[in-house]
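The values are calculated or read from the model by the stated rules, or taken from the named source; none is laboratory data. Computed from a prediction, not measured in an experiment: that's the story for all the values here. Here Cβ is always computed from backbone atoms with ideal geometry, including for glycine, and neighbour counts include all displayed protein chains.
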Amino acid sequence: MSTLSGRRILLVIGGGIAAFKALDLIRRMRERGASVHVVLTEAAQHFVTPLSAAALSGTKVFTDLFSLTDEAEMGHIELSRAADLIVVVPATADLLAKMAHGLADDLASTLLLATDKRILVAPAMNLRMWLHPATQRNLAALRADGTLFCGPVDGDMACGEYGPGRMSEPLEIVAAIEAALAGATVIPLPHSAPKGPGALVGKKVVVTCGPTHEPIDPVRYIANRSSGRQGQAIAQAAAAAGAEVVLISGPVNLPDPPHIETLHVETAQEMLQAVESALPADIFIAAAAVADWRVATASEHKIKKGGDGVPTLALVENPDILATIAGRTEGRPSLVIGFAAETENVVENAEKKLARKGCDLVVANDVRPESGIMGGDSNAVTLVGRAGHETWHETWPRASKGEVGHRLIAHLVALLKEKTA
């Protein structure tokens with residue numbers, strides 16, 4: 001039986017040339033047993049008709065926020081919450097901007113703001129629109145809010161240009177929908193999360209994120225695939241809870257989160273110095289994927305191929321930032337949180353890290369390539385802690401990195417109260 005069998009999808013079709021692919025997407029979802037309800041923006045109706053969408057979906061198509069008949073039969077609030085998942089195809093720059101800023105001036109944007117369900121977007125736009133700083137800021141805000149993304153990909157544009165901004169194909173979007181429905185799709189009211197400006201008011205939180213780059217020569221370095229998204233999401237969640245936040249970021253391809261002091265570093269040694277300069281703090285969260293080793297002596301010039309064969313690189317250990325902060329005898333934060341990116345024996349290795357580093361909690365995840373977690377938009381974590389002489393662990397279902405950030409901060413608020421009571 002298909003994972004879409006019996007699932008209810010609300011499909012918002014945006015106004016772009018890629019809208020014609022949304023009709024094929026409807027057919028693909030229905031083939032797999034999904035019930036599909038369609039909303040067309042005003043612009044979308046220039047590319048596809050309500051009649052064609054209705055014929056393929058087998059359901060009434062909605063277009064008008066102020067249709068009294070539709071409001072009597074199924075109000076926009078109910079329409080936004082009756083689905084298991086909301087899918088936006090194509091997600092235009094305009095729709096993404098409305099979502100990021102909470103605008104609600106038509107049926108589609110009102111539904112997207114009023115829903116209590118996850119939202120998956122498949123962006124499509126001209127490459128310059130996609131790369132524009134305003135769009136990139138909107139994307140960062142949406143990712144932090146927990147919006148799921150499918151694409152875009154590099155490809156030929158209807159305008160004749162080539163580059164990022166081409167919408168993913170319908171079957172790729174179907175796969176993303178199935179993956180989204182494999183986890184929880186209901187967004188709970190934030191009654192269990194930090195209560196806005198209050199839970200961490202007067203507290204200082206230091207967060208590290210991203211990779212470090214350890215130079216080999218002026219053009220090469222040792223690094224990893226960390227995107228920095230989880231660390232940024234944690235920093236934003238802490239700021240939302242009222243904390244003073246300092247984010248110390250390795251090299252990432254993300255804009256700095258708004259209203260958060262962000263310090264940029266390259267190497268592990270620079271990151272440790274930045275962390276120590278940011279102390280004292282109440283909570284330290286080491287979410288960065290710091291390189292374990294660096295080249296003992298980086299070359300001042302680019303290393304060339306030659307007749308001497310492959311060069312030998314002598315490696316030395318980098319400073320252990322987590323253990324250094326956790327082991328401080330003076331000025332140790334009340335809570336020191338580590339991360340463990342593992343490819344095997346996740347819980348076992350996290351327990352060993354907890355004992356070895358002397359931290360209060362380890363957030364572990366499985367970063368095997370097939371998991372799609374390192375560099376992706378979602379995460380599946382297991383918290384490993386200690387109660388007396390015993391260790392405990394708690395596994396959370398896969399969720400967006402934004403949701404993981406908010407849930408982690410809520411957990412730390414409770415831990416901090418226990419520790420300082």
Go through segment 377-390 and report how many residues are assigned to a strand (DSSP E or B), surrounded by fewer than 16 Cβ atoms within 10 Å (Cβ to Cβ) and not hydrophobic (A, V, I, L, M, F, W, C).
2
Tell me, which residue of segment 258-298 that is closer than 18 Å to Ala341 by Cα and among the β-branched types (Val, Ile, Thr) is surrounded by the fewest Cβ atoms within 10 Å (Cβ to Cβ)?
Val290
Residues of segment 199-251 that turn out to be surrounded by fewer than 24 Cβ atoms within 10 Å (Cβ to Cβ), in contact with an Asp or Glu (Cβ under 8 Å, 6 or more places away or on another chain) and among the hydrophobic types (A, V, I, L, M, F, W, C), as a count:
3
How many residues does segment 310-343 hold that are assigned to a helix (DSSP H, G or I) and over 22 Å from Ile409 (Cα atoms)?
1
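Conditions tested, residue by residue: (1) assigned by TED's automatic domain parsing to the domain that holds Val153; (2) without any contact (Cβ under 8 Å) to a residue 60 or more places away in the chain; (3) surrounded by 15 or more Cβ atoms within 10 Å (Cβ to Cβ); (4) over 24 Å from Ala141 (Cβ atoms).
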| position | (1), (2), (3), (4) |
| --- | --- |
| Gln45 | yes, yes, yes, yes |
| Ala53 | yes, yes, yes, yes |
| Thr63 | yes, yes, yes, yes |
| Glu78 | yes, yes, no, yes |
| Met99 | yes, yes, yes, no |
| Ala114 | yes, yes, yes, no |
| Leu127 | yes, yes, yes, no |
| Trp130 | yes, yes, yes, no |
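Check every one of the strands (runs of 3 or more DSSP E) wholly within segment 117-173 and list those with 2 or more residues that are at pLDDT 90 or above and closer than 30 Å to Arg7 by Cβ. Explain how you work it out, then say what you get.
Working: elements: 119-123, 153-156, 162-166.
The strands (runs of 3 or more DSSP E) meeting that bar are 119-123.
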Buried (at least 17 other Cβ atoms within 10 Å of the Cβ), farther than 20 Å from Asp106 by Cβ, more than 31 Å from the chain's Cα centre (by Cα) and not hydroxyl-bearing (Ser, Thr, Tyr): is that true of Leu25 in this structure?
no
Go through segment 40-63 and give me each residue that's within 32 Å of the chain's Cα centre (by Cα), of a type outside the set (Ser, Thr, Tyr) and more than 20 Å from Glu169 (Cα to Cα).
Glu42, Ala43, Gln45, Val61, Phe62
Quick check on my filter: what residues within segment 249-267 are of a type outside the set (Ser, Thr, Tyr) and in a strand (DSSP E or B)?
Glu261, Leu263, His264
Among Glu403, Glu394, Glu390, the single one that is assigned by TED's automatic domain parsing to the domain that holds Ser226, within 18 Å of Ala364 (Cβ to Cβ) and out of contact with any strand residue (DSSP E or B) (no Cβ under 9 Å at 6 or more places or on another chain) is Glu390
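Report yes if some residue within segment 305-327 is more than 25 Å from Lys357 (Cα to Cα), out of contact with any Ser or Thr (no Cβ under 7 Å at 6 or more places or on another chain), among the β-branched types (Val, Ile, Thr) and assigned by TED's automatic domain parsing to the domain that holds Asn365; otherwise report no.
yes
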I'm told Ala281 meets every condition in (1) part of a loop (DSSP other than H, G, I, E, B); (2) over 20 Å from Ala243 (Cα atoms); (3) modelled with pLDDT of 95 or more except one. Can you identify the failing condition by its number?
(2)
Which members of segment 1-22 meet the condition of being closer than 20 Å to Asp84 by Cα and either small (Gly, Ala, Ser) or surrounded by fewer than 20 Cβ atoms within 10 Å (Cβ to Cβ) (or both)?
Met1, Ser2, Thr3, Ser5, Gly6, Arg8, Gly14, Ala22
Just need a number here: residues in segment 344-376 that are under 22 Å from Pro211 (Cβ atoms), assigned to a loop (DSSP other than H, G, I, E, B) and modelled with pLDDT under 95.
8
Residue among Ser192, Ser227 that alone is modelled with pLDDT of 90 or more and among the polar types (S, T, N, Q)
Ser227
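Scan segment 9-24 and tell me whether some residue there is assigned to a loop (DSSP other than H, G, I, E, B), under 28 Å from Asn126 (Cβ atoms) and either touching a helix residue (DSSP H, G or I) at 6+ places or on another chain (Cβ under 6 Å) or not assigned by TED's automatic domain parsing to the domain that holds Phe62 (or both).
Among the residues of segment 9-24, at least one is assigned to a loop (DSSP other than H, G, I, E, B), under 28 Å from Asn126 (Cβ atoms) and either touching a helix residue (DSSP H, G or I) at 6+ places or on another chain (Cβ under 6 Å) or not assigned by TED's automatic domain parsing to the domain that holds Phe62 (or both), which makes the answer yes.
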